[in-house]
Structure formats: C-alpha cells, structure tokens
Amino acid sequence: MFEARNISVAYGKHRALEDVSVTVAAGEIVAMLGANGAGKSTFLKAVTGLVAKDGGGRVTLDGREIGVLPPHEIVESGVALVPEGRGLFDELTVTENLTLGAYPKRARASETENLERVLDLFPVLAERRRQIARTLSGGQQQMVAIGTAMMSAPSILMLDEPSLGLSPLLCTELFRTLARVREARVGILLVEQNAKQSLAIADRGYLLENGRITGEDSAANLADDPAVQAAYLGVASSA
Ligand code: ATP
C-alpha cells in the first residue's frame, strides 16, 4: 500500500499543494483528476522526491517511510514515475531505453525476466526492439516510457498524463495496457486530464483543485456525479 499523507508544497510564496492525502493499494488503479495547474505534476514530483515538501507530510510504501529518501532510493523502494513528456533517450534503441530502466538494485537480478514481461505487455515493442526511440510514433514512445518504468519492477507506477498528445485510438490502447499492468498486482496512480477513459479503468479517483483534494470516491460514482461530469467529462450540467 502506498500512502501519502498531508503533502504540501510551495514554490516561493505560491502554495501549489495543501495537505494532499492519497492512497494506492497493490493492484489498484487510482485516478487523480484536475485542470491545468491544479498541482497534479507537483504532487507526483513531491512524492518521488523531485520537489521539496513542506514539513509535516509523510509518504510510506507498505508501512516504510520513503518520503525522506532521495529520488533514486524512492525508485529503489518500488515507486516508478513516468514523467509528462516521457523522458526517453531519443537516440537509443527500444531495448537500450528499456534496459536503462533496470538500474535499481531491486531489478538488476531479474532484468531478463522483466524485459520479457514488458515485451509481452507491449508486443509492438518486441517487433521494434532495435528501432531508435525518436523514430517511433507517439503512442509507441509512451509504451517505451511505461515499459522503462516497469523494468524497475515497481510496486507502484505513477503516470503523469500518459495520454497527452495521443490519438483517440492510441489512448484506448494505452488505457487497455494499464489495465493489464494492474493484473501484475502493480498499483497505478494515473494523473490525467482525460477523465473519461481514466475513470473507465480506475477503481477510485481523487479530484484536485487549486492544490487541494476536493473529492474522493469510487471511479464509478465520480463518473456518475453531475459536478464531475460538468467539470471533467464535458457533459453540460442540466442545473
Ligand atoms: P498541468 O496539467 O498543466 O501539468 P498540473 O496540475 O500538473 O498542471 P502543476 O504543474 O503541478 O499543475 O502546477 C501547479 C501550480 O504550481 C501551477 O500554478 C504552476 O504554475 C505552479 N508551478 C509548477 N511548477 C512550478 C515551479 N517550478 N516554480 C513555480 N511555480 C510552479
């Protein structure tokens, strides 16, 4: 179980996150929905050690405090982040990118099995394993980014707007793949503006507005909530 409790972040005088608490259990898909600038990326960066948290917050994985660790040790503990914009090495091949994801000690011994598992998850990458990442389509590059994160054998996979810039067809394929990642008992925290498809695969969801959690419910209830529909699903409110 991943638990972030009372996470606050300020950029100078600007308070970007205020007391945000989120949990993700093994094998659970949790969506975090929020408009541009709501603080979604800041939350992911705060819990992976990439931006400093204000005092008081706690981040634990299976009861172990990881919020005090440097980023590489947070990865070592089992949290993998797929950043917005993917963060691939453009001039390296698919296999080279994936292999770089196996650098944590926890993953080195099982690198071959992990690579097989990732290529099984993304058959198109198996076909293109020698191709230079830059020459792949956007959707395939996103698969390499997720595959690279999966190479660290994480307990929790966090994704920052993975569907951004993908065609509707590739989005559908991406969300289907995430549902398969869940089957491996990996917990997924999905930060998205694509509320419809996120809620369709998620178990639970949180709404983030101006740095605060303003709602938390099962994904099905959120998808049925008229306020959520009006704000995130492009459904006109009848009120
Ligand atoms: P987006 O969907 O646009 O990525 P987001 O929900 O991920 O939005 P954040 O990127 O976390 O939002 O930004 C939250 C707030 O913090 C915004 O007001 C943003 O302008 C501000 N912010 C983000 N990064 C910095 C930074 N490095 N320095 C100062 N302010 C920042």
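The values are calculated or read from the model by the stated rules, or taken from the named source; none is laboratory data. This structure is a prediction, so every number in the text was calculated from the model and none was measured. Counting neighbours? That spans all protein chains shown, and the Cβs are built from the backbone with ideal geometry, glycine included. Calculation scope for accessible area: heavy atoms of the full protein, side chains included, ligands and nucleic acids excluded. Shrake-Rupley method; radii C 1.70, N 1.55, O 1.52, S 1.80 Å.
DSSP beta bridges fully contained in the chain are about 55 percent antiparallel. Under the criterion of Cα pairs below 8 Å and six or more residues apart, the relative contact order for the chain equals 27 percent.
Counting only protein heavy atoms and using a 1.4 Å probe, what share of the accessible area of segment 97-239 belongs to carbon plus sulfur, as a whole percent? Within segment 97-239, the accessible surface is 50 percent carbon and sulfur. The Rg/Rh ratio for the chain, using Cα coordinates for both the radius of gyration and the Kirkwood hydrodynamic radius, is 0.96. Considering only 4, 22, 83, the residue lying farthest towards the positive end of the dipole of the chain is 83, judged by Cα position with unit charges set on Cβ.
Summing Lys, Arg as +1 and Asp, Glu as -1, what charge do residues with Cβ under 14 Å from the Cβ of residue 153 carry, residue 153 excluded? My count for the surroundings of residue 153 gives +1. Rounded to the nearest 10 degrees, the angle from helix 111-121 to the longest Cα principal axis of the chain is 70 degrees. Based on protein heavy atoms only, the chain ends up with 46 Å² per residue of surface accessible to a 1.4 Å probe. Exposed loop sites were defined as trypsin sites (Lys or Arg not before Pro) in DSSP loop states (anything but H, G, I, E or B) carrying at most 10 other C-beta atoms within 10 Å; in the chain the longest segment without such a site runs 14-129. The calculated FRET efficiency for residue 96 paired with residue 180, based on their beta-carbon distance and R0 = 22 Å, is about 0.40. Charge dipole of the chain (Cα centre as origin; +1 on each Lys and Arg Cβ, -1 on each Asp and Glu Cβ, all else neutral): 340 debye, rounded to the nearest 20. Local charge for residue 229 was computed over the other residues whose Cβ lies under 14 Å away, with Lys and Arg +1 and Asp and Glu -1, and equals -2. Debye-formula intensities of segment 1-129, expressed as log10 I(q)/I(0) at q = 0.09, 0.13, 0.21 Å⁻¹, are -0.32, -0.65, -1.29 (one equal scatterer per alpha-carbon, no solvent). Tally Lys and Arg at +1 and Asp and Glu at -1 over the other residues with C-beta under 12 Å from the C-beta of residue 65: what net charge comes out? Taking every other residue near residue 65 into account, the sum is 0.
Partner aspartates and glutamates whose Cα lies under 16 Å from the Cα of residue 105, excluding those fewer than 8 positions away in the same chain, are identified as 73, 76, 113. Build a GNM of the chain with springs between Cα atoms under 10 Å apart, and of 224, 19, 90 the one that fluctuates most is 224.
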